[in-house]
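Take a look at the structure below.
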Amino acid sequence: ATPTALMVGTGRGAQLGILIKGPEVLESTRRVDTVVLDKTGTVTTGRMTLRRVYAAEGTDERELLRLAGALEHASEHPVARAIAAGAAERAGGLPAPGHFENVPGLGVRGTVDGHDVLVGRPALLTAAGIDVPAASAGAPGPDTPGTTVHVAWDGRARGTLTVADAVKETSPEAIRRLRALGLTPVLLTGDATAVAESVAAEVGIDEVYAEVLPEDKVDVVKRLQAEGRSVAMVGDGVNDAAALAQADLGLAMGTGTDAAIEAGDLTLVRGDLRVAADAIRLARRTLGTIK
Ligand code: ADP
Ligand code: MG
């Protein structure tokens, strides 16, 4: 590798909004044939809003918003931010939670006004011995757009909150560019299968891994590598860091968390997914001049 060619590549990268950790990074792009994309914050904006509130029979909607909102106020997850903001808007001031615990990929748990509160995926509730009722009249079902999380306190499921996020305007074009380079896009998310599949269909991805726990994202990358695929991973979250490090090439969204940026080989400064394709094309071209 001639240093001059690599310098040109990295200088051009900076112009495009790509930060490259070191010239040796470019070498890994040579064989990449698969690009694994995190959903929330990478393919979608990650700016979710609270769209629906469902209070089970006997539950006061305001109380549901107050307790769930208070707990989520302490979390930085995009789902949590949407719930805290929506609850503050609809229910007024939120109390400060006592105990608070983040359960990665599942939700949050803590105490608010002396109640033991849980907000998250059904698995979070069932693990605490709380029954999640099968869909009842008026409750959002699997076809409801967005991400529905369950709220429980003092051992009983009390209702659901539905937040929705939008696909980034640039994502379908980004997927087309990746395909044009001969790369296979794959969607990887902790979110529900129905949500993941509707996002995948909207942007043009056929291969989907959904309901994957944060610590299991890295295993999906390993499994693809074991199949002989050379994997680039694009992500923004703390929960993507291990997968970014495991991938043959890790691309972090510059708009994401420090943990993702530290784990990645490249940073897409503006968080524009189209630049992922530019980065791979630039690296290939730079290497081409080296030969
Ligand atoms: P992604 O892989 O798309 O970035 P995560 O792994 O961070 O998503 O989260 C997966 C799912 O876990 C979310 O879609 C949501 O249902 C649930 N979840 C995670 N954090 C929270 C939270 N703070 N409050 C409620 N639900 C949460
Ligand atoms: Mg994410």
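Condition check ((1) more than 24 Å from the chain's Cα centre (by Cα); (2) away from ligand 2 (no atom under 16 Å from the Cβ)) across all residues:
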site	(1), (2)
Lys21	no, yes
Thr34	no, yes
Ala80	no, no
Arg90	yes, yes
Pro95	yes, yes
His99	yes, yes
Selection from the stretch 47-66 of residues in contact with a Lys or Arg (Cβ under 8 Å, 6 or more places away or on another chain), within 16 Å of ligand 1 (Cβ to nearest atom) and closer than 20 Å to Leu125 by Cα yields Val53, Leu64, Leu65
How many residues, within the stretch 225-237, are assigned to a loop (DSSP other than H, G, I, E, B), buried (at least 20 other Cβ atoms within 10 Å of the Cβ) and not small (Gly, Ala, Ser)?
1
Name the one entry in Arg109, Arg66 that is away from ligand 2 (no atom under 16 Å from the Cβ), under 11 Å from Val151 (Cβ atoms), crowded, with 17+ Cβ neighbours inside 10 Å and without any contact (Cβ under 8 Å) to a residue 60 or more places away in the chain.
Arg66
Sort through Asp206, Asp191, Asp216 and tell me the only one that's at pLDDT 95 or above, acidic (Asp, Glu), at negative phi and within 15 Å of ligand 2 (Cβ to nearest atom).
Asp216
Residue count for the stretch 246-284, restricted to those that are free of Cβ contacts under 8 Å to residues at least 24 places away in the same chain and surrounded by fewer than 24 Cβ atoms within 10 Å (Cβ to Cβ)
6
Flag for Arg158 being among the basic types (Lys, Arg), assigned by TED's automatic domain parsing to the domain that holds Ala84, under 26 Å from Gly58 (Cα atoms) and touching a residue at least 60 places away in the same chain (Cβ under 8 Å):
yes
Can you name the residue in the stretch 18-60 that is among the polar types (S, T, N, Q) and crowded, with 20+ Cβ neighbours inside 10 Å and is also nearest to Glu72 (Cα to Cα) among such residues?
Thr40
Looking at the stretch 208-224 only, could you name the residues that are under 12 Å from the mean Cα position of the chain (by Cα) and in a helix (DSSP H, G or I)?
Pro214, Lys217
Residues that are within 13 Å of ligand 1 (Cβ to nearest atom) and either outside the structural domain of Ala14 (by TED's automatic domain parsing) or within 23 Å of Thr170 (Cα to Cα) (or both), drawn from the stretch 240-266:
Asp240, Leu244, Met253, Gly256, Thr257, Ala260
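Per-residue answers, yes or no, for (1) touching a Lys or Arg at 6+ places or on another chain (Cβ under 7 Å); (2) among the aliphatic types (A, V, I, L, M); (3) under 24 Å from Leu26 (Cα atoms):
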position	(1), (2), (3)
Arg179	no, no, yes
Gly182	no, no, yes
Ala201	no, yes, no
Leu224	no, yes, yes
Ala232	no, yes, yes
Asn239	yes, no, no
Gln246	yes, no, yes
Which pairs have Cβ atoms under 7 Å, sit 6 or more apart or on different chains, and link a residue in the stretch 201-219 that is within 21 Å of Lys168 (Cβ to Cβ) to one that is of a type in the set (D, E, K, R) and not in a strand (DSSP E or B)?
Gly204/Arg176; Val208/Glu197; Ala210/Asp191; Lys217/Asp240
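The values are calculated or read from the model by the stated rules, or taken from the named source; none is laboratory data. None of the values given here were measured: they were computed from a predicted structure. Cβ atoms come from the backbone with ideal geometry, glycine included; neighbour counts cover every protein chain shown.
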